[in-house]
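The next block holds one structure in the form of structure tokens; read it before the comments.
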Amino acid sequence: MTTFALNLPKLTLSGVGAVAESVAVLDTKGVQKPLIVTDKNLIELGVLTSLYEALDAKGFEYVTFDQVTPNPTAALVREGVSFYQENGCDGFIAVGGGSPIDCAKAIRIMVSNEGDICDYAGVGLVKNDGEFFIAINTTAGTAAEMTSNSVITDEENQVKMVLVDPKQIPDVSVNDPSLMVGLPASVTAATGMDALTHAIESIVTPGAHRLTLPTALEAVRLISKWLPIAVKDGQNIEARANLADAQFLAGMSFNSAGLGAVHALAHQPGATHNLAHGVCNAILLPIVSEFNAQQVPAPFRLVAEAMGGDTHNLNDEQAAELAVSLIKRLSKEVKIPSGFAELGIEESDISNWVQKALNDVCMGGNPRAMDAAQVRELYLASL
Ligand SMILES: [Fe+2]
């Protein structure tokens, strides 16, 4: 029997008021001048107001690196490291969805370790611990505020690097649903489907464990129930709070159980065409699930049941078919594009992705092995 490792942040704060709570924690840690890593858009929308007020009330000095763009690049990380050092910072507060938090994780690695960020693509390559780090999540979500992963685009090689190391896990993870009420419906839908993909991939992977399955299944239940509600009414704080916790629960699962081919395939159009990560996952999820269920149908029964499906009189194959149809129905209900063609992708784009998908760090977690021809078929089916 092998040992199972469940990695979690030291502290998790969930609920309205969690941002101010996290600043109170910062005050006890001896941090003098944190770097806030975020994007301009969030500042303009006022999402950082409660953080700035809490920091000012405690008399903190701080600087803001607001240059983060979707799918952050290695060049941006290098820029962030210089900014941190020039300003004499001694800790991190990331505010955002996956992009600002991943960017902060990568900057933090490079502040405490040698070489270049591209040297750290892979699993377990970070030598030194980072400085004190609070991650405030504004979407629901990547669960970047609590995972050991970051995804940085290597723009020279047009590939998304996945950096996996428990040293990237923030010290404090924050989910304050009051920061999420302004998210547009399309972002709510995309990030919610990303979280659903995390949950489902971590249920069907051979890496699943009894320490991860219950949280993943609860995430599937909560997302199935609350995502359509939050997409229709972004101001519904109950829906936002449920989705924030759901994506965290999915993170608890996939951070230790791993992901699979949906993510391995989704990273490629994300890297070459800068498409939203959650949309790429949502398009590929039913297609890859159908492929996986042909060989490993049993775990998809659990997915179907968690999504509210009645599997009583169904065998595993039929239950898996039901799971795929429920995923498609949810995706349609929250207005995810039906395929990549709608997003301007053409058949000629696919060749460039196949080998990169096979090499992606997430591919190893898929329950069914696939070769290049099968990856190509799955991409073609997703157009
Ligand atoms: Fe994801």
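The values are calculated or read from the model by the stated rules, or taken from the named source; none is laboratory data. The structure displayed is predicted, hence computed values, not measured ones. With ideal geometry, Cβ positions are generated from the backbone for all residues, glycine too; neighbour counts draw on all protein chains shown.
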query: Does residue 127 qualify as being farther than 28 Å from residue 229 by Cβ, within 16 Å of the ligand (Cβ to nearest atom) and among the charged types (D, E, K, R)?
result: no
Discussion item. Could you go through the stretch 97-104 and let me know if any residue there is in the same structural domain as residue 173 (by TED's automatic domain parsing), more than 16 Å from the ligand (Cβ to nearest atom) and surrounded by fewer than 19 Cβ atoms within 10 Å (Cβ to Cβ).
Written reply: no
Taking the stretch 138-160 and keeping residues within 16 Å of the ligand (Cβ to nearest atom) and aliphatic (A, V, I, L, M) leaves 140, 143, 144, 146, 151, 152
Going through the stretch 190-214 in order, the residues found to be more than 14 Å from the ligand (Cβ to nearest atom), in a helix (DSSP H, G or I) and crowded, with 21+ Cβ neighbours inside 10 Å are 203, 204
Flag if residue 178 is modelled with pLDDT of 95 or more, under 17 Å from the mean Cα position of the chain (by Cα) and either of a type in the set (Ser, Thr, Tyr) or part of a strand (DSSP E or B) (or both) = no
Take the conditions crowded, with 20+ Cβ neighbours inside 10 Å, in contact (Cβ under 8 Å) with a residue 12 or more places away in the chain, of a type in the set (A, V, I, L, M) and farther than 21 Å from residue 377 by Cβ and apply them to residue 231. Does it pass?
yes
**Q.** Boolean, residue 275 is within 11 Å of the ligand (Cβ to nearest atom), in a loop (DSSP other than H, G, I, E, B) and not aromatic (Phe, Trp, Tyr)
**A.** no
- request: Determine whether residue 299 is buried (at least 19 other Cβ atoms within 10 Å of the Cβ), assigned by TED's automatic domain parsing to the domain that holds residue 229, of a type outside the set (A, V, I, L, M, F, W, C) and away from the ligand (no atom under 16 Å from the Cβ).
  value: yes
When residue 2 is run through (1) under 27 Å from residue 119 (Cβ atoms); (2) surrounded by fewer than 14 Cβ atoms within 10 Å (Cβ to Cβ), the failure sits at (1)
| Do we have any residue at all in the stretch 341-362 that's surrounded by fewer than 18 Cβ atoms within 10 Å (Cβ to Cβ), aliphatic (A, V, I, L, M), assigned to a helix (DSSP H, G or I) and in contact with a Leu (Cβ under 8 Å, 6 or more places away or on another chain)? | yes
Filtering the stretch 290-311 down to residues that are within 25 Å of residue 226 (Cβ to Cβ) and not in a helix (DSSP H, G or I) yields 307, 308, 309, 310, 311
Residue pairs within 7 Å by beta carbon, gap of at least six or interchain, first lying in the stretch 243-267 and closer than 21 Å to residue 71 by Cα, second aromatic (Phe, Trp, Tyr), listed first then second, are 265/379
Of the conditions (1) surrounded by fewer than 13 Cβ atoms within 10 Å (Cβ to Cβ); (2) within 14 Å of residue 196 (Cβ to Cβ), the single one that residue 334 does not satisfy is (1)
Flagged pairs (Cβ under 8 angstrom, 6 or more apart or on separate chains; first in the stretch 88-113, free of Cβ contacts under 8 Å to residues at least 24 places away in the same chain; second away from the ligand (no atom under 16 Å from the Cβ) and of a type in the set (A, V, I, L, M)) are 113/126
